[in-house]
Amino acid sequence: MQHFYFLQHVCSSFIDYLEIISAMPRWNKVLKWVFVCCCGFVMYSVALFGQMILEGRACLRQKDWHDYKRQKADEARSGIGEHGKPYILSKQQSVLPLVDKLYRENGYSGYVSDLLPLYRSTNDVRPKACLRKKYCSNLPSVSVVLPFHNEHLSVLLRSVYSILYRSPPELLVEVILVDDASTKPELRETLDEHLSMNKMDNVRVLRTMGANGKREGAKVATGDVLVFMDAHSEVGYNWLPPLLQPIMENRRTVTSPFIDVIDCNTFAIRAQGSGARGTFDWRFYYKNIPLLNNTQMPPVDPFENPVMAGGYFAIDRSWFEELGRYDEELMIWGGEQYELSFKVWQCHGRILDVPCSHVAHIYRCKYVPFGDPGIGDFLSRNYKRVAEVWMDEFKEYLYQRNPRMRQADAGDLSKQLAIRKKLKCKSFKWFMTNVMFDQEKYYPAYEPPSLYAGSIKNQLSGLCIQFDENAKSVVKMGNCNSLRTARFELSWRSDLRLENDLCLDSPHSAPDSAIIFYRCHGQKGNQAWQYYPNSSQIYQTAIQKCLAYSPSGKVVVRHCREGDASQKWKWQK
């Protein structure tokens with residue numbers, strides 16, 4: 001209504017000008033109309049700028065949002081874990097039962113976390129050009145939503161402290177901790193007492209009965225912009241203004257920070273590359289692909305990203321509501337990032353990655369603390385819901401590779417289809433043509449057949465390579481009749497891959513370096529292999545060494561020797 005009265009006033013003023021001009025008989029008719037057009041343009045510009053001010057989209061002035069006082073104080077800090085440095089357990093500490101217990105419970109070293117301060121200084125890994133960037137002084141207000149389930153208390157609190165200490169207080173309305181049915185007692189009484197005793201009035205806890213934290217947090221948030229992140233994070237310096245600026249300029253923009261790594265064992269913080277675009281393969285595994293050639297390196301300005309990585313993003317609250325928030329029928333986890341990414345792009349929005357905003361995240365280690373929820377194949381159900389609503393005829397490429405997905409019960413889709421119709425969203429073909437236009441280069445819908453497939457048996461030992469579901473685990477050998485004997489494909493990408501999207505990876509080039517399982521990235525390099533049937537050798541093309549059996553039971557790389565039986569491998573159907 002405020003917008004209406006403002007525009008009504010501008011239109012009324014323009015009519016008054018027309019009446020004045022018409023009463024001027026001496027004016028040349030051509031000059032009259034030139035004057036009318038000029039006045040109209042001025043009035044339109046004033047109206048547009050005025051509306052932008054009322055909506056908060058007009059930048060009043062540029063501002064340096066850095067908290068130099070906080071950063072200077074952090075520079076003087078010293079102690080365990082400060083400046084993002086690692087803490088390495090001693091031999092005596094590493095064998096303590098509590099260390100293993102907390103590791104298994106959390107998937108990271110809760111013991112090391114408890115040794116660190118709840119707020120610590122961090123290493124600034126942003127590009128140098130980010131330090132000179134200024135942003136609008138009238139950025140929108142923010143609610144930060146952190147869903148969690150049985151998170152280790154010190155990790156959760158460290159996430160909160162980093163947000164409170166590194167976010168401009170005039171922008172941060174609240175931090176909403178959404179407890180998704182945690183069972184740890186310290187996440188109730190102890191957490192509530194800590195927040196109360198430390199007078200953290202703008203931090204509140206919302207407790208739910210299931211895994212729907214983002215949706216419930218969004219419903220109660222009051223900030224103009226919602227920022228979602230995991231509850232095992234530490235934000236970097238001046239992380240928030242770069243996320244907000246693009247949203248202020250265009251409210252149909254979703255922004256994501258660069259995600260750095262908090263080591264799951266030592267809690268060291270390190271940067272994770274110089275950026276990539278997100279996409280998917282046709283089994284619906286999330287993938288990174290290179291930046292476009294016209295992107296400056298290292299990137300500083302925000303760049304378009306077809307598919308967001310997942311749990312870290314900022315979005316205008318009112319537009320999030322227009323989009324129907326998340327699909328409420330997506331269960332537990334899986335599919336959210338695709339559903340929201342497709343929805344944003346197809347419904348006239350955009351997704352930007354923001355290189356000057358950094359948030360560090362703990363990637364869990366070997367032990368995953370969350371078991372089977374006991375509700376069946378929820379992942380296939382989630383993926384089918386996304387495919388049926390947003391992917392049009394392209395869903396068939398998913399179903400061809402995932403027959404279980406075709407058979408899954410997707411539930412009632414009427415609400416989501418109605419949102420797509422109401423917002424006049426574009427087709428998935430438009431998305432593939434205009435946004436994910438180079439998908440075929442990296443993950444084509446029609447893939448050439450595999451070069452070889454089956455288990456891989458070593459001639460010297462008579463053993464076969466064994467399966468492990470954990471990324472970064474060392475590849476080992478075992479009995480070929482074992483249920484853990486792995487079935488590989490030597491794909492057209494030259495990678496040796498399992499069905500669960502893990503590939504053989506050679507992280508080190510030195511002789512006798514162990515081979516590990518790692519997420520398939522499709523970029524060759526340390527995952528590029530060739531099989532030579534004449535010599536029965538498997539050759540790593542990047543480091544120019546051959547796969548070999550080690551007496552320790554591990555699979556390693558060595559200098560190639562054609563007569564060495566430890567380097568001879570046979571494919572078995």
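Key figures for this structure:
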read-out	value
Yes/no for P551 being within 29 Å of K287 (Cβ to Cβ), loosely packed, with under 15 Cβ neighbours inside 10 Å and not small (G, A, S)	no
Segment 409-432 residues that are within 17 Å of Y399 (Cβ to Cβ), paired with ones that are part of a helix (DSSP H, G or I) and β-branched (V, I, T) (beta carbon under 6 Å, 6 or more apart)	L413/V389
Given (1) at pLDDT 95 or above; (2) farther than 30 Å from T183 by Cα; (3) among the charged types (D, E, K, R); (4) assigned by TED's automatic domain parsing to the domain that holds S182, number of the condition D67 does not satisfy	(4)
Candidate set: segment 297-308, residues that are among the hydrophobic types (A, V, I, L, M, F, W, C) and under 27 Å from E336 (Cα atoms); chosen: the one nearest to the chain's Cα centre (by Cα)	M308
Some residue of segment 332-344 being touching a helix residue (DSSP H, G or I) at 6+ places or on another chain (Cβ under 6 Å) and in contact (Cβ under 8 Å) with a residue 60 or more places away in the chain	yes
When residues of segment 280-292 are limited to those that are among the aromatic types (F, W, Y) and part of a loop (DSSP other than H, G, I, E, B), the one farthest from V125 (Cα to Cα)	W282
Residue list for segment 177-201, filter: surrounded by fewer than 15 Cβ atoms within 10 Å (Cβ to Cβ) and part of a loop (DSSP other than H, G, I, E, B)	A181, T183, R188, N198, K199, D201
Failed criterion for I88 (all others in (1) within 20 Å of K184 (Cα to Cα); (2) at pLDDT 95 or above; (3) not charged (D, E, K, R) hold)	(1)
Cβ-Cβ under 6 Å pairs, at least 6 apart or on other chains, segment 477-497 side in contact (Cβ under 8 Å) with a residue 40 or more places away in the chain, far side part of a strand (DSSP E or B) and of a type in the set (D, E, K, R)	C480/K457; S491/R497
Qualifying residue in segment 312-334 (condition: assigned to a loop (DSSP other than H, G, I, E, B), surrounded by 15 or more Cβ atoms within 10 Å (Cβ to Cβ) and touching a strand residue (DSSP E or B) at 6+ places or on another chain (Cβ under 6 Å))	yes
Of all residues in segment 102-147 being in a strand (DSSP E or B) and β-branched (V, I, T), the one that is farthest from N265 (Cα to Cα)	V142
Looking only at segment 149-170, and only at residues there that are out of contact with any helix residue (DSSP H, G or I) (no Cβ under 6 Å at 6 or more places or on another chain) and of a type in the set (A, V, I, L, M, F, W, C), the one that is farthest from M200 (Cα to Cα)	L156
Selected residue (criterion: nearest to the chain's Cα centre (by Cα)) from residues of segment 265-296 that are buried (at least 20 other Cβ atoms within 10 Å of the Cβ) and farther than 30 Å from Y446 by Cβ	I269
Selection count where residues are under 15 Å from I262 (Cβ atoms) and either in contact with a Leu (Cβ under 8 Å, 6 or more places away or on another chain) or surrounded by 14 or more Cβ atoms within 10 Å (Cβ to Cβ) (or both), scope segment 72-102	8
Meets criteria (out of contact with any His (no Cβ under 7 Å at 6 or more places or on another chain), among the polar types (S, T, N, Q) and crowded, with 18+ Cβ neighbours inside 10 Å) for N534	no
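Listed here are the residues, each with its yes/no results for (1) modelled with pLDDT under 95; (2) within 27 Å of K134 (Cβ to Cβ); (3) outside any helix (DSSP H, G or I); (4) in the same structural domain as L102 (by TED's automatic domain parsing).
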| residue | (1), (2), (3), (4) |
| --- | --- |
| E216 | yes, no, no, yes |
| K219 | yes, no, no, yes |
| P246 | no, yes, no, yes |
| N294 | yes, yes, yes, yes |
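Residues checked against (1) in contact with a helix residue (DSSP H, G or I) (Cβ under 7 Å, 6 or more places away or on another chain); (2) within 18 Å of S455 (Cα to Cα); (3) basic (K, R); (4) part of a loop (DSSP other than H, G, I, E, B):
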position: L483; (1), (2), (3), (4): no, yes, no, yes
position: E489; (1), (2), (3), (4): no, yes, no, no
position: V556; (1), (2), (3), (4): no, yes, no, no
position: E562; (1), (2), (3), (4): no, no, no, yes
position: W571; (1), (2), (3), (4): no, yes, no, no
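The values are calculated or read from the model by the stated rules, or taken from the named source; none is laboratory data. In this text, all values refer to a predicted model and were calculated from it rather than measured experimentally. Reconstructed Cβ throughout: ideal geometry from the backbone, glycine too, with neighbour counts over all protein chains shown.
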